[in-house]
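S.K.: This is the structure I want to talk about, given as structure tokens.
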Amino acid sequence: MSGDTAPIRAEERFDEEAVARHLRTQLPELVGDVPISFAQFPGGKANLTYLVMAGERELVLRRPPLGPTAPGSHDMAREFRVLAVLHAGYPPAPRAFHFCDDPAVMDKPFLVMERRHGYVVRGRWPAALDQSPDFRHRVAARLVDRLADLHMVDFAGLGLADLGRPDGFAERQVRGWSDRWERARTTPVPAMDELGRRLGARLPSPQRAVLLHNDFKLDNTMIDTAGEVVAVFDWDMCTLGDPLVDLGTTLAYWGGDGGVVDLVAGDAVALGDVMDAAAVATRYAARTGLDLDDLDWYRALGTFRIAVIVQQIYARYHRGQTSDERFAGLGAVVEPLAQAGLARLGR
């Protein structure tokens, strides 16, 4: 078993023989007729990700989490559509080979994609990687560059021009995440209601439409020992829209000035100590040519979105849809996240 995988958690098991039969039928050139086994990548908090081992071949299977999911989230069909073509114009995107939504095979839709090798940074900096500030700065710089590169991809040339509706994107983001908050709330949090209201009261004007990742952060990437970004994962919310929505989300996770990383201690690795938000903005603007005068609004939106995602994860635990104890304390994080977003709008 690979060192970054674990036995599949009991409640997240599936009919492995049914899936293996399906893969032999649909991907014979990749899996052949050798025995197929499965393990779980245990680090993620939303979609479930598994390693598929067929002899020497390793693939990755991704599916939504257990239980009901919010409308528009965990969209494996969307992720497959993007990853089936994006690798041609954006090398960090793994190539997807197959999508299945037949409930006779698995109770939720799933996709199968190539496996990349490297390190996903969660919780602490991996011991196998250089610990120096210079190396971490290199990683930070490469993350900014890869985000900017994504926003310059010719999405129409890849056949993705109809992936989303850029007009009115920011307004729909505020409305959509406010609706998700209402669906996921388990206790009143007035600061969340106020943050959603204030975001909707002043919407910035977008400068261009680009392909958005929609959750671009360090632990959705894989890096190698040279500090290069060798993969970007979790494309199920990918769409077309305002590029600064992505940048605002990235900075909300960045750490160093009251962002999500500082509020969720030990749950992610901050990069703000080696490259602050101003340096990130400068590097991104130089690469894309975009104006960042409204960046605080986008950072507040990023914080609001992340607070909702945290609540959605906690709600699954609260409602008994998962027994993963990592999620038990997430409900307490939502209020300080909302306050951080309000503070950002107050500047």
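Since every read-out is calculated from the coordinates, none of them should be taken as a lab result. Everything numeric here is computed off the predicted structure, so don't read it as measured data. Here the Cβ is made from the backbone with ideal geometry for all residues, glycine too, and neighbour counts use every protein chain on show.
S.K.: Would you calculate a helix-derived [θ] at 222 nm for the chain, using -39,500 (n - 2.57) for each DSSP H run of n ≥ 4 and dividing by the full residue count, to the nearest 500?
M.R.: It comes out at -12000 deg cm²/dmol, rounded to the nearest 500.
S.K.: For region 56-187, what's the radius of gyration and Dmax over Cα atoms, in angstrom?
M.R.: 18.1, 51
S.K.: Taking the Cβ of Leu86 as the centre, find all other residues whose Cβ is under 14 Å away and add up their charges (Lys, Arg: +1; Asp, Glu: -1).
M.R.: Within the 14 Å Cβ shell, the charges total -1.
S.K.: Can I get the semi-axes of region 201-347's equivalent ellipsoid? Compute them from the C-alpha gyration tensor as square roots of 5 times the eigenvalues, in angstrom, largest first.
M.R.: 25, 19, 16
S.K.: Binning at 10 angstrom from zero up to the longest distance, how are the C-alpha pair distances of region 10-114 distributed in percent?
M.R.: In whole percents, the pair-distance histogram is 14, 49, 33, 4.
S.K.: Turning to a different aspect of this structure: If we count every other residue with Cβ under 10 angstrom of Met113's Cβ, Lys/Arg +1 and Asp/Glu -1, where does the sum land?
M.R.: Taking every Cβ under 10 Å from that of Met113, the sum is +2.
S.K.: Give me the dipole magnitude in Debye, nearest 20, for region 133-345 about the Cα centre, with unit charges on the beta carbon: positive for Lys and Arg, negative for Asp and Glu.
M.R.: The calculated dipole for region 133-345 is roughly 440 debye.
S.K.: Please report the relative contact order for region 129-286, taking Cα pairs under 8 Å with a sequence separation of at least 6, and give it as a percent rounded to a whole number.
M.R.: Worked out over region 129-286, it gives 30 percent.
S.K.: Now for a different question. By how many degrees, 0 to 90 and rounded to 10, does the Cα axis of helix 295-318 deviate from the longest principal axis of the chain?
M.R.: Tilt relative to the chain: about 50 degrees.
S.K.: Expressed as a whole percent, how much of the Cα-Cα distance distribution for the chain exceeds 34 Å?
M.R.: 22
S.K.: While we're here: Considering the options Ala104, Gly89, Gly32, tell which one lies farthest towards the positive end of the dipole of region 10-114, charges being +1 on Lys and Arg and -1 on Asp and Glu at the Cβ, about the Cα centre.
M.R.: Gly89
S.K.: Also: In region 38-131, what GluC sites (Glu not before Pro) fall in a loop by DSSP, with at most 15 other Cβ atoms inside 10 Å?
M.R.: Glu56
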